[in-house]
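Heads up: the structure comes next, in structure tokens.
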Amino acid sequence: MFYFLLSIFWTIFLIVEVIICIGAFTAVLQERKIWINPKLPSLKPVPGMLKVYLLNVFWMSCCLIGAILTVIEAVITLDWKFQNTRQFAHNQVERRVAQWATKLFIGPVEIRGLENLPSADPGAPAPIYIANHDSQIDLAAVYYLNRPWRWISKSQVMFLPGVGQVMYLSDHVFIDRVKKKNKSKDSSTGARNLYLKSNESVQSGVPMFFFPQGTRRLGERLPFKDGAFKVAQENDSVLIPISIEIPLTAWNSMYPLTKATSPVVLTIHKPIPTKGRDTESLKKESFDVIYSVLPDYTKQS
């Protein structure tokens, strides 16, 4: 019986791995769109696109194993509601996998302004992290901060093998995007869930992490959306602006076969108080602070 169940487990695992290998091509196409910008170096098939593909296969595969280990940990500790398992999934799985992926495929990460980083147990209300969003690399590199937080993510991410399950076990915030033409009185589930869950997290002492521009753009500077700033205002949380500088050679270099030409640089700026501030002024100040140390590719010919 044991060997029969084991064979079923391995069969399912191998099927999911095949799905991962196929699904990683989608991630390559998404990343390629970012680097099509004429002001940026386009992704080369080798090593650029190959590295994106391998990073995603590695990330999803390791998260799949991590999700299984998280469930086993919950069973062993009798944590059936996964109340304490979040720390294991976030700290031991997400963080370690992200850091390994960065070391294997991108290169070193340099952190500046560490004196501005809140403690790992900031208390309530917890701060709100905000950063520019340029590439898939951002999602991995920020785990070098070694701090807990919750992400905001589309609900479809839950269907990503490995990644979706770990994010669910880590209790991140999932939202549904509702098209304007389908909006009605009761169709604001996405926005309502974002604010409710974010407020609960901040008041429980767990920070939220937002990319306020809403989507990935390296060659553009998109205006910030309101979500992060409204959550911060409602809870009197401070904003922690972080600038993420991705080297233009990140994908096309021969790293790890050669030395990385430049590190990913995370710059942690001084906290921005939100009490008594209006949303627009907070957005402008945060935008200016984050981009103050980043190269402006919009001005390059």
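A short reminder: the numbers here are calculations on the coordinates, not readings from a lab. For clarity, every value in this text was computed on a predicted model and none was experimentally measured. Cβ coordinates were reconstructed from backbone atoms using ideal geometry, including for glycine residues, and neighbour counts include every protein chain displayed.
Structural remarks
- Maximal additional length on extending the M158-N193 stretch stands at 11.0 nm, based on 0.36 nm per residue less the C-alpha distance.
- Pairs from K259/K284; K39/K230; K39/K284; K103/K299 whose Cα-Cα separation, in the structure shown, is over 28 Å: K259/K284; K39/K230; K103/K299
- Under 19 Å from the F13 label point (7 Å along Cα→beta-carbon), backbone N, the range 101-130: none
- Relative packing of peptides 123-133, 155-165, 68-78 - highest average C-beta neighbours within 10 Å first: 123-133, 155-165, 68-78
- Antiparallel %, DSSP beta bridges [both residues in the chain], to 5: 25 percent
- Taken over the range 203-301, the convex hull of the Cα atoms encloses 126 Å³ per residue.
- Look at the dipole of the chain built from charges on Cβ: of S253, A126, A141, the Cα furthest out on the positive end belongs to S253.
- Taking amide hydrogens as placed 1.01 Å from N in the peptide plane, the amide H of I130 sits under 5 Å from those of F210, I240, I242, each at least 5 positions away in sequence or on another chain.
- The range 50-93: C-alpha gyration tensor shape, a/c 1.5 cut-off, then a/b vs b/c: prolate
- Projected-area average for the range 2-299 over all orientations - Cα convex hull basis, square nanometres: 17.8 nm²
- Sparsely packed trypsin sites (Lys or Arg not before Pro) within the range 50-111, loop by DSSP, other Cβ within 10 Å at most 10: K81
- Value of relative contact order over the chain, rounded to a whole percent, pairs C-alpha under 8 Å and six or more apart: 24 percent
- Stretched out straight at 0.36 nm per residue, the stretch from L257 to K299 would grow longer than its current Cα-Cα span by 11.8 nm.
- Separation between Cα centres of the range 85-112 and the range 223-301, rounded to whole Å: 19 Å
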